[in-house]
Amino acid sequence: MLTLAVPVVIAEMGWITMGTVDILMVRSLGPAAIGAVGVGSMLFMALAVFGIGVLLGLDTFVAQAYGAGRRDECHRWFLHGLVMSVALAVPLTAIAWFAIARLNLWGFDPTVLQLTEPYLRIVTWSVWPLLLYVAFRRYLQAMGVVTPTMITLLTANFINVLANWMLIHGNLGAPALGVNGAGWATCISRAYLAIGLLFVVIWRDARTGNGLRRVSWVIERSRLARLFWLGLPAAMQVTLEVGVFSAASALAGRLAPVALAAHQITLNMASFTFMVPLGMASAAAVRVGHAVGRRDAAGANQAGWTAVMLGVLCMAFASAVFLAIPAHLMRFFTADQMVVDIGVNLLFVAAVFQIFDGLQGVLTGALRGLGDTRTPMLWNLAGHWAFGLPLGYTICFLWGRGVVGLWFGLLAGLIVVSLALLAVWNRRITRWRENAASTVTVGA
């Protein structure tokens, strides 16, 4: 599990670090700039994760084909994943532009809104390379090829830092674009990710002779439909999960800029630690999928529970760090004492939900390996949107507890989702093992 998961975790951390760097490099522009970049990034991802989620269906199909020894099927699913990524980019871009024109309806602080709108218009251009990168990555990862993705993401961070440094503050003769410069840096780094993994796919096929170049280029509607309908619940699940945090950010945008800045900084740190269970979830989906492909019930069981154990242990460590040095962590992002004071309170709440966030993240991946993407979607809808977010809104605005109330609502939603998915996984894998054992007995 660690052999596969560690490079994936590093890659996920490399992904989220790009957003952290954007916030760090605009902090000298003030709390409104921090809030604008944070809110803009969250709103963009709330839309883009739908496309990313649909492509998560490649985890199941490619991994199971690989476990069954069908390399030709791996390639066919990859080709259809590329077609799907291009098809999804068109409507997602249109929806993004439509939503940007109506940002004023969200009730943002005027200073934050003035910076967020142009930033989002720029970042929207990165939808196309982002979805292509996801298709390349899921294909490679489902076959156990994870190191190139890690290297590509790490080097993309250097490109992002350089582009931010040039375009935000106008270094090396570049124009000083402020917050907009962070948006263009994001577009550049995501284009690099797509191009980098494209070269990895081409190079690996040429070196190994796996037959990707010989695959039929005929696009099957039935295969696209299977990918879409398996990926749709996963897309809804990640959209609901990211969307609830984006909604919380939008609600925080109604508060003072210092509260929004504290919220975004804390959310960024919590998102960074979540990359560990997210990487474990990807590894769990691949290893469980491989076991399902070779009809190994015991292997699927062991892979899933191993990922859960590792994910929870890592998040327990993150929780301890949040509790031990909250003020130091906040001061790394800002020197504004009001932002630090609010952020310290938020980090205490974030420390509590680390365990539950990690648990639900890993279990979602393990269930995806079994081919179940619907259950996590339903529980995210119930736990986050029907329970957690309304509770957070009530505590924040109706009870007057401010932004920390939103975080109590997020915590409550995570508890519900994680415990429900734990029960579902235990029931599904137990039943699958029992069915496999009875099949072996009958065959004997």
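Below, the figures for the structure above:
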read-out: 0 to 90° range, to nearest 10: angle between helix 147-169 axis and the chain longest Cα axis; value: 20 degrees
read-out: Karplus-derived HN-Hα couplings along the range 363-370 (A = 6.51, B = -1.76, C = 1.60, θ = phi - 60°), whole Hz, x at Gly and Pro; value: 5, 4, x, 4, 5, 4, x, 7
read-out: Label-to-label distance, nm, for residues given as residue 325 and residue 338 (7 Å Cα→Cβ offset); value: 2.8 nm
read-out: Debye, to nearest 20: dipole size of the range 219-371, +1 on Lys, Arg Cβ, -1 on Asp, Glu Cβ; value: 600 debye
read-out: Mean separation of Cα contacts under 8 Å (6+ apart) over length of the range 1-99, as relative contact order %; value: 21 percent
read-out: Sequence of 236, 1 from largest to smallest accessible area, 1.4 Å probe; value: 236, 1
read-out: Nearest-20 debye value, the chain charge dipole, Cβ charges on Lys, Arg, Asp, Glu; value: 1180 debye
read-out: Helical contribution to [θ] at 222 nm, DSSP H n ≥ 4, -39,500 (n - 2.57), averaged over the chain, rounded to 500; value: -28500 deg cm²/dmol
read-out: Computed lengthening from residue 98 to residue 213, 0.36 nm per intervening residue step minus Cα-Cα distance; value: 37.5 nm
read-out: Surface accessible to a 1.4 Å probe, residue 127 within the full protein complex, Å²; value: 10 Å²
read-out: The chain: angle of helix 2-26 to the longest principal axis, Cα-based, in degrees nearest 10; value: 20 degrees
read-out: Euclidean distance between Cα centres, the range 155-202 to the range 365-391, Å; value: 34 Å
read-out: Heavy-atom accessible area ranking, 1.4 Å probe, most first, across 28, 189; value: 28, 189
read-out: Note, ³J(HN,Hα) from phi for the range 320-329, Karplus 6.51, -1.76, 1.60, rounded to Hz, x at Gly and Pro; value: 5, 5, 4, 6, 7, 9, x, 5, 4, 5
read-out: Whole-number percent relative contact order across the chain, with pairs defined as alpha carbons under 8 Å at least 6 apart; value: 22 percent
read-out: Fraction of accessible area attributable to carbon and sulfur, the chain (%, probe 1.4 Å); value: 69 percent
read-out: Solvent accessible area, Å² - residue 72, 1.4 Å probe, full protein context; value: 70 Å²
read-out: Gap separating the Cα centres of the range 267-316 and the range 6-43, nearest whole Å; value: 25 Å
read-out: Accessible heavy-atom area order of 434, 117, 12, highest first, probe of 1.4 Å; value: 434, 117, 12
read-out: Accessible area in square angstrom per residue, the range 244-393, 1.4 angstrom probe; value: 34 Å²
read-out: Under 14 Å, Cβ to Cβ, from residue 296 - net charge with Lys/Arg +1 and Asp/Glu -1; value: +4
read-out: Most positive-pole-ward Cα, 395, 360, 344, against dipole of the range 343-444 from beta carbon charges; value: 360
read-out: Angle between the chain longest axis and helix 179-208 axis [Cα atoms, degrees, rounded to 10]; value: 20 degrees
read-out: Highest-MSF residue in the chain out of 215, 179, 292 [GNM, Cα springs under 10 Å]; value: 215
read-out: Rounded FRET efficiency, nearest 0.05, which uses the C-beta distance separating residue 195 from residue 154 and R0 of 25 Å; value: 0.95
read-out: Mean separation of Cα contacts under 8 Å, 6 or more apart, over the residue count of the range 155-207: relative contact order %; value: 31 percent
read-out: Average accessible surface area per residue within the range 97-208, 1.4 Å rolling probe, Å²; value: 43 Å²
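The values are calculated or read from the model by the stated rules, or taken from the named source; none is laboratory data. Every value quoted in this text rests on a predicted model; they were computed, and no experiment measured them. Don't worry about glycine lacking a Cβ; one is built from the backbone with ideal geometry, like all the others, and counts go over all protein chains shown. Side chains are part of the model used for accessible areas, which takes the heavy atoms of the whole protein and leaves out ligands, DNA and RNA. Shrake-Rupley method; radii C 1.70, N 1.55, O 1.52, S 1.80 Å.
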